[in-house]
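The values are calculated or read from the model by the stated rules, or taken from the named source; none is laboratory data. Keep in mind that what you see is a predicted model, and the values were worked out from it rather than measured. Please note: Cβ atoms are built from the backbone with ideal geometry, for glycine as well, and neighbour counts cover all protein chains shown. Surface areas here come from the heavy atoms of the whole protein model, side chains and all, with no ligands, DNA or RNA. Shrake-Rupley method; radii C 1.70, N 1.55, O 1.52, S 1.80 Å.
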Amino acid sequence: MDIPALVAAAARGDQSAWDALVRQFSGLLWSIARAYRLSDADAADAVQCTWIKLVEHLDRIAEPERLAGWLSTTARHECLQLLRRSGRLPEPAEEIADSPDPAPGVDHELLTRERDTALWRVFEELPDRCRRLLRVLMASPPPAYADVALALDMPVGSIGPIRQRCLGKLKALVGGNELLEERS
């Protein structure tokens, strides 16, 4: 996909070019909003505000080939602005979906929440670069490595190896946590 051509076409009012940009980068924007642990409504607002900023600045994007980075930075600013306006910090734990249990007991929910909280605490011990990379790669569908490279300012060829090292660090941290070790 030729991003500079899509940006130019969208700036001229080509709806199909705009739709292609939205398809290309929506996963990236949602992964950034989720990384800030915003509510679904706040995350949707942050993503929507990011798209609005792009509409407002579409004809002034100096380096359209770096649009993923521009969108990422804008989305982060929107998320931080939402957090500042609400006067609250992100919740300490984000629910990690399990396969549905037909009749989960109260203890199951408590144990799951306890495990998830422990996992997010361990995740926060990772270096910032690892946390940012893993959060972006957790998007569904995951963004293309080229977009990740632009958003996180790292070479495309280093994303896979860095991801592996980060997952190795996370595994080591999980291995040192009694709560997570016994339930694995």
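Quick notes on this one:
- In segment 43-88, trypsin sites (Lys or Arg not before Pro) in a DSSP loop with at most 12 other beta-carbon atoms within 10 Å: R88
- Rounded to the nearest 20 debye, the dipole size of the chain about its Cα centre is 600 debye, using +1 on the Cβ of Lys and Arg and -1 on the Cβ of Asp and Glu.
- Exposure ranking of E125, E114 by accessible area [1.4 Å probe, largest first]: E125, E114
- Extension gain, S140 to S16, is 42.4 nm, computed as 0.36 nm per intervening residue step minus the present C-alpha separation.
- Table column - 3J(HN,Hα) (Hz), segment 56-67, Karplus curve with 6.51, -1.76, 1.60, x for Gly and Pro: 5, 10, 4, 7, 10, 5, 6, 10, x, 5, 9, 4
- Largest accessible area first, the listed residues L167, L152 line up as L167, L152 when surface is computed with a 1.4 Å probe on the assembled protein chains.
- Per-residue SASA entry for W51, accessible area with 1.4 Å probe, Å² rounded to 10: 20 Å²
- Most mobile listed residue (R163, R23, R115) in the chain, GNM with C-alpha springs under 10 Å: R23
- Accessible area (Å², 1.4 Å probe, nearest 10) - S158: 30 Å²
- Full extension of the chain between R23 and R60 yields a length gain of 11.2 nm, computed as 0.36 nm times the residue separation minus the alpha carbon distance.
- Segment 8-91 - charge dipole about Cα centre, Lys and Arg +1 at Cβ, Asp and Glu -1, debye rounded to 20: 280 debye
- For the chain: relative contact order, % (alpha-carbon pairs under 8 angstrom, 6 or more apart): 25 percent
- Compactness of the chain as Cα Rg over 2.2 N^0.38 Å, two decimals: 1.16
- Taking all protein chains together and a 1.4 Å probe, the residues Y36, Y145 rank Y145, Y36 from largest to smallest accessible area.
- Computed from backbone phi, the HN-Hα couplings of segment 2-11 come to 8, 4, x, 5, 5, 4, 5, 5, 5, 5 Hz, rounded to whole numbers (Karplus: 6.51 cos²θ - 1.76 cosθ + 1.60, θ = phi - 60°; Gly and Pro given as x).
- With DNA, RNA and ligands ignored, accessible area of C49 (1.4 Å probe; Å², nearest 10): 50 Å²
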